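Below is one structure, written out as structure tokens, with a few remarks after it.
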Amino acid sequence: MRPRLAPCLGLLGVGLLAACADDPPPPVIAPPPIAEIVRADEGHLTEVHQLTFGGENGASRWAWGSDQVALQTRANDRACAHISRVTLTDPPGRFPLGQGEAPSFLPGDRDVVYASSPTCAKHRSRAEGLALDPGFDVFRARADGLAPTRLTANPGYDAEPSVCGKSGAIVFTSMRDGDLDLYRMDADGGHVERLTATTGYDGDAVFDADCSHIAWHAWHPKGKGLDDYKKQLAENLIRPTTLELWIANADGTDARQVTYLDARSWAPSWYPSQARLLFASTFGGESARDVDLWAIDLDGTNLERVSTAPGPDDAPAFSPDGKSVAFTSARATLLGLTDTNVFVARWAGAWRHVEERPADHLMGDAAWLADHAREGRAVGSKGLDDAGAYVERSFQSFGLAAAGDQEFRQTFDVATHVSGQATLEIAGVPVAPADVRALGMSASMAVEGPLVFIGADSDYARVDVKGKVVVVRSGGSPRHAAWLARDRGAVGFIAVTEGALSEPAPDTGESIPAVITSSRAMTGFLSLVLRGVHPLARLAVTLAPEMTKAFNVVARWKASAPDAQKLPGVFVIAAHYDSIGAESPGADDNASGTAALLQVARALGEKKPALRRDVVLVGLSGEEQGAAGAVAFVRKPPDGLAAKDILAMVDLDMVGRMRDDTLQVFGEDTATEWPELLAGACNAAGVDCIPATGGGLGGADRGPFFEAGIPAIHFFTGVHGDRHTPADTPDKLNATGMAQVARITEHLASDVSVLGARFAFQPNAAPPGEGDARGFGASLGTIPDPAPPPNGQKGMLLAGVRRGGPADAAGLRKGDILVRLGGHVVGGMDDVKFVMTESKPGTRMKAVVIRDGRELAVDVILDTPSKR
């Protein structure tokens, strides 16, 4: 049975039909003039023909030959539902199949699948709710209604079947596990698999043409609504307040919500040749009975109204050949009656009434930013400059005030390239220049020493590398491998690779002279070393970083409350608009976050909420260069803004691939106010916000804010393998999910604007990014500052220490420069990270810091990474 019949939609939006009398279907009568059922503003629906006349008719499904329709009929509120076939002849022929609901043809059109109950209980009224007859099971029978076979025999509701046109697999709704979930089974009822598990109602699923995906409608209530749903379910009765469309792979994986219309939307039908759904919805209607056909792309864009007739238009279904659509409508019903009938229309594809919504804006912005014309938006490229100008124009068009140093722009310097020269000579034989490249973290100097091979990190326990040049096979992190070599006393480092040699990339790390060379150049030398011969290696590297100008785009939405009600401080919302360059279009990383930022700005401009404090929106650049734009913004904010004025910050980074209505939130523990604020914003958007730890794949931009004592969170929709690859393209973005992220952020802006007190910053929170972070072998409890120490001093500048951690207990504090840890020289935060990777909790070591120009040595006892 399908929730298809419009008169049953009244208060519920669906009608799961039970029945009580075995009445025959109404007779076919002559159709009225066609002019009465064709509307000029329904451009998709042409050559409309009426198939049924009187009663409640619907739940139509096409035969795979596109020459007949199976449907269900109820003569009146007290009648049993019957199924029948209607052939598309002139006049059409109708063939009763018996009692049942929701018929679908199996491949070959010789058999049908449907739902039926032996009780045929009294049909509930609209006010009573949505009946779930526990006697319902799924049946299979011949297309003449004979030889019925029960395919399900479980206690509880088994109904709403639909069929795959290739294999005959059946997807249906069942309560067999205590909730209304989707299941799949073979055409003979075997191999039953559960597809959904979210608490709530999942129903009316349909396969796409190649049966690789399913679409369905769902009601997943939360909070008090969830408690009410569970009580209703126990009574075999539910009262859906909303229904939204979902899609997933045919096995239920990769599920995502398509519509967020806050209406009752149901009965999806796949477009034959487009990534698009046709469905029925109360969206835009003036009453519960005002139901129309709508269409939407799978990413949530291009919402289009298809039907406009008064009363309900419901239960659309495309014919397999894509030429026609069947639907239920009251367009030919006389005044005073509530009949709904099945109609078939020729489908015309050119007509479009598109309702522009946030998802459309988001996809448009993200697609522009991730277009190949933007060259991957690498720092220093014209494509990135164009992207920054796009963000700037957008802020201006939305009515935001410029808040940079130069109108909307805040400029800063960032290293974009490194010019490197490297020479390598072994046993007096020079390696060809084409076979050696400097590594970006290399020291610029010349060294020499015997060549020694390290096959694994454990080799250092038995191989003395002091004063020698270490050679390794490239595999893991060259930076870590070079650090290990330097830490054990090596004077030089060589990584051997089978792949191509790339030019050095900008790197702020501190190392010994380090190069990468080809395996063909090293094969003979390595064979000597492995036989115990250690030829002398001479290695010289010269690196010169090339600096370029980049800019953040900064705008301010000024508080609109009366002056007497305005509150001090600002709320910052940021996203980086740069990416890695030609290697990737950067759609999710991070055109998605930038598009969400623009949508928040657009919404603030359109809705003009009565904010009591200013909101600052920042398009950051240089995230891929160590969060350079965020560091510049925090360390030297634009005129009129100080870091101490920032109450809190939201980082929108990689928010384009929401699945299962789930959003990861990093940094919720940076302030005690975040959990309650997030609960309200996420519930309003119908999204499950899940606290996460660590830094995510992106999220580097929140690090400098946290290090400055600003509560900062990062929104993130999840890990995927397309990051930083050519596959990170706009067509894989979930625009409607991005719209919900923007909605959550906008809600936070409104709530933070009226917050009476400052956030209670939690310095003990899990630090973002690298450095002394969780996941290592041990923790020092420092909060590294990403900026280099002043006056060219080597070491790691401390932005602070975590309360109660080892560094705090040892007396370290903000402003100290850590230069040595145990027996390890610290040239930067990566050195601390590597020491923590190698160390164990409980280890006692000496930490040496520079404070007020003098060295200070203290003992620290390392802690477990999980402790704060």
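Normalised by residue number, the volume inside the convex hull of the Cα atoms of the range 570-642 is 90 Å³ per residue. Centroid-to-centroid, using Cα positions, the range 255-289 and the range 220-239 are 22 Å apart.
Determine the percent antiparallel among the DSSP beta bridges restricted to the range 243-350, to the nearest 5.
Counting DSSP beta bridges with both partners in the range 243-350, the antiparallel share is about 95 percent.
When only alpha carbons are used to place a centre, the range 713-741 and the range 597-664 end up 18 Å from one another.
A full extension of the chain between Asp254 and Ala727 corresponds to an added length of 168.5 nm, given 0.36 nm per residue minus the alpha carbon distance. With a simple spin-label model that places each label point 7 Å from the Cα along the Cα-to-Cβ direction, the separation between Val858 and Lys607 comes to 4.6 nm.
Using 0.36 nm per residue of separation minus the Cα-Cα distance, give me the extension gain between Ser419 and Asp228 in nm, one decimal. If you can, show how the numbers build up before the last one.
On the way: separation 191, 0.36 × 191 = 68.76 nm, distance 6.62 nm.
Once the chain is fully extended between Ser419 and Asp228, it gains 62.1 nm.
For the cross-link pairs Lys468/Lys833; Lys558/Lys636; Lys466/Lys833; Lys644/Lys846; Lys382/Lys608; Lys549/Lys608, the ones whose C-alpha atoms lie over 31 Å apart are Lys644/Lys846; Lys382/Lys608; Lys549/Lys608. Kirkwood analysis of the chain, using all unique Cα-Cα pairs, places the hydrodynamic radius at 30.6 Å. Under the simplified labelling scheme, the Arg110-Ala544 pair shows an inter-label distance of 8.2 nm, with each label point 7 Å from Cα along Cα→Cβ. If you take all other residues with their beta carbon under 9 Å from the beta carbon of Ala370, and give Lys and Arg +1 and Asp and Glu -1, the sum is -1. Relative contact order for the chain: 9 percent, from Cα pairs under 8 Å spaced at least 6 residues apart, divided by residue count. Find, to one decimal place in angstroms, the Kirkwood hydrodynamic radius of the range 646-756, where the mean of 1/r is taken over every pair of different Cα atoms and then inverted. Answer for the range 646-756: a Kirkwood hydrodynamic radius of 14.3 Å.
Relative to the globular-protein estimate of 2.2 N^0.38 Å, the Cα radius of gyration of the range 391-502 stands at 1.65.
Taken over the alpha carbons of the range 487-646 as equal point scatterers, the Debye sum produces base-10 log I(q)/I(0) values at 0.08, 0.12, 0.21 Å⁻¹ of -0.46, -0.74, -1.37. From a point 7 Å beyond the Cα of Arg635 in the direction of its Cβ, which residues of the range 539-567 have a backbone N at a distance under 16 Å? Flagged as within label range: 547-552. Check cross-link reach from Lys230 to the aspartates and glutamates: straight Cα distance under 17 Å, and skip same-chain residues fewer than eight apart. Answer for Lys230, where 17 Å is the Cα cut-off: Glu128, Asp133, Asp177, Asp179, Asp181, Asp202, listed by chain and number. Size descriptors for the range 184-337 (Cα atoms only): Rg and Dmax, in that order, 16.3, 49 Å. What is the sum of charges, Lys and Arg at +1 and Asp and Glu at -1, for the other residues whose Cβ falls under 9 Å from the Cβ of Asp181? After counting each charged neighbour, the total is -1.
Every number here is computed from the coordinates shown, using simple stated rules; none is lab data. Small disclaimer: the values here were computed from a predicted structure and weren't measured. With ideal geometry, Cβ positions are generated from the backbone for all residues, glycine too; neighbour counts draw on all protein chains shown.
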